[in-house]
Each structure stands twice: as C-alpha cells, then as structure tokens.
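Report on the structure given below.
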Amino acid sequence: MDETDRARAIERLLPPLVHRLNNALALCQGVLELGPGASELDRHNARRELGCLGASLARLAQLARPPSTRAEVVALDPIGESCALLLGPLARALRVELAVRAGAGLSARADARLETLVLVATFELLELLAARAPAARRLRLTLDARAGRARISLAAAAALDPARVPEALQTYARERGLAFRRRVTARGTGLCLCLPLLSSGPPAPARAPRRRVLLVQEEGQDRELAATLLREHGCEVREEPRVPEAGWFELVLLDERALAADPQAGARLERLACARVERFRPPLRPAELLRLLQA
C-alpha cells in the first residue's frame, strides 16, 4: 500500500470526523451542565458518545501509525468497527450509504496492517461512489465466514472504472497466496478477500430487520444527533435536507420547516414508498424522537 494513499485517506476523513466528535463533546458538556437535572436517557447518550469518542481516537491513532507487517491473529469485528467509526462521518458528508456488517467472534491469521488496508480500500470506494447518482451511492462492507474461511468483502452499488478500483487488497492477497476476487458488472463492483479462519464464536442471535428511516432536515447538529440516536436504535437512516424524488422507507421524519420552504415537497412525498410520515418541529428532543419511532 502506498503511504500517500494512507495519508490522503486520513486527510479526507478528519474534517467530518472532527465535526462528529465535537458534537459528542457538546452533548457530554450539556449533560454535565444539567447536573442532577439530566435525565437517565441524557446520561445514557452521554456515556455512549464518550465511548464513541474514545474508540474513534484509538482507531485514528492506529491508522496514523506506520502499519506493521508482523503476522498475528486478527479479529475481524474491530476492522468493521474501525470502518464504521472513522469512515461513517465521511460517508454521510459524501452522501454515500455505508453499511458495515461483521460476524461475531471471527478471527484469522494475517498481517497486522490488514485493518489499515481495508480502511483505505473502503475509503477509495467511497470517493469513487461520491461522484455517482444518489441512487447508486451505496457501499457495503461484510466480514463473515464461509466454507471454513474468513471473508472480507466490499460491494458497491455501481459499475466503477476497473482501472480505478483499489488494488491494495489484491496485491496483499497475491503476495500471500490468498483467494481474492474483483468483479465489475453493470449492476455493481465487488472485492472479496478470503483468509484462513482460526476460530468463530457462538452463532449470533437472529436480528430483526433494520428499519429504513428517512430524516428530512437541514444539515446541522440537530440532524446529526437525531440520526445518531436512530442508528443506535437499529435504524438504517438516510439524511436529506429536502424530500427526495424517490425511495422506500418504513418511516419518514419530516421537519416542518423543510416542508414550508419547499413548495414541491408535498408532491414528492406522495410519490415516495413509505409506510408512515411523522412531522416535527425542531428541536427534536430524544424522548420525542423515540416516541415517534415507537408509535
């Protein structure tokens, strides 16, 4: 992997990541200022944000260090956590839907730099997808096991120029004799790296399907905090400043100011495939947001 690629990834992900962590600090500061008046939900959110802050800084420090080539047992779950923590804010800034799915307790023998390679490859695909039409801006990172092997796969919902698809993982696989596939079709682009599986934990309990939620609100701290809380409660969130032309959602949360500022919003809303629409007036407090989610 070219060190220039790693440096460019760090430079691009820092601004949205700093913005995200500043919001976390602001929430924690607000809870401190409230003191005994802070609700249990506020305290829970503050603890969650402090955990996110610490984990993000630890992952960022690891990415900034020169990656080691020492072979060791690598747990795959932390690789997914790194991508979600460090690249999630950048993906939202680029309006790319990034989904990270990791199996429970999977580990493989690999170089310690594997996490950095996956991070940089995911970053490069995010950059390529940012120039695509909104409907194609989806990227999924999956870490699981199949046929006794650990599998790391990246799937983009767009046909990307093969000459620009990242090659770092392919080079890594070729140097070590590992199975690797790179496929570009009219429907999408996929990368898949397979490693020897060392162990796997107990099967993860079945999860309920993630609820698709559209949050229509002007960009800012209020929208980011609402989206973060929705994701913490298992929702797949799409954030928009105005009602989009198309899409399907189980729930649409609509800021009444966005509706008033856009005369065509009502017509576009009728064309959306959605089960329920809830309007709100900002600021949307956590308790009110959860009430709308559970209604």
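Bear in mind these aren't lab numbers, they're just calculated from the coordinates by the rules spelled out. Computed from a predicted model, the values in this text were never measured in an experiment. With ideal geometry, Cβ positions are generated from the backbone for all residues, glycine too; neighbour counts draw on all protein chains shown.
Our coupling estimate for the stretch 41-48, obtained by passing each phi through the Karplus curve with A = 6.51, B = -1.76, C = 1.60 and θ = phi - 60°, is 5, 4, 5, 4, 5, 5, 5, 5 Hz, Gly and Pro reported as x.
Just the number, please: Stokes-Einstein D of the stretch 3-199 in µm²/s, Kirkwood Rh from C-alpha pairs, 10 °C, 1.306 mPa s. Mind showing how you got there, number by number?
Working: Rh = 17.8 Å.
Taking Rh from Cα pairs, D becomes 89 µm²/s.
For the stretch 211-294, the alpha-carbon radius of gyration amounts to 0.98 times the rule-of-thumb value 2.2 N^0.38 Å expected for a compact globular protein. Rounded to the nearest whole Hz, the Karplus-based 3J(HN,Hα) values (6.51 cos²θ - 1.76 cosθ + 1.60, θ = phi - 60°) of the stretch 165-173 follow the sequence 5, x, 10, 4, 5, 5, 5, 4, 5, with x at glycine and proline.
Could you tell me which residue out of Thr116, Gly188, Ile79 lies farthest along the dipole of the stretch 3-199 toward its positive end? Charges go on the beta carbon: Lys and Arg +1, Asp and Glu -1, centred on the Cα centre. Result: Gly188. Our coupling estimate for the stretch 75-80, obtained by passing each phi through the Karplus curve with A = 6.51, B = -1.76, C = 1.60 and θ = phi - 60°, is 7, 7, 4, x, 5, x Hz, Gly and Pro reported as x. Each residue in Glu115, Glu40 was given a count of other beta-carbon atoms within 10 angstrom of its own, and listing them fewest first yields Glu40, Glu115. Helix content alone sets the calculated 222 nm mean residue ellipticity of the chain: runs of n ≥ 4 DSSP H residues at -39500 (n - 2.57) each, divided across all residues, give -13500 deg cm²/dmol. Taking every alpha-carbon pair under 8 Å whose residues sit at least 6 apart, the chain reaches a relative contact order of 13 percent.
The residues Ile79, Ile10, when put in order of fewest to most other Cβ atoms within 10 Å, stand as Ile10, Ile79. Put a plus charge on the Cβ of each Lys and Arg, a minus charge on the Cβ of each Asp and Glu, and nothing anywhere else: the dipole of the stretch 3-199 about its Cα centre is then about 700 debye. Using R0 = 25 Å, the C-beta based FRET efficiency linking Leu290 and Asp262 works out to 0.40.
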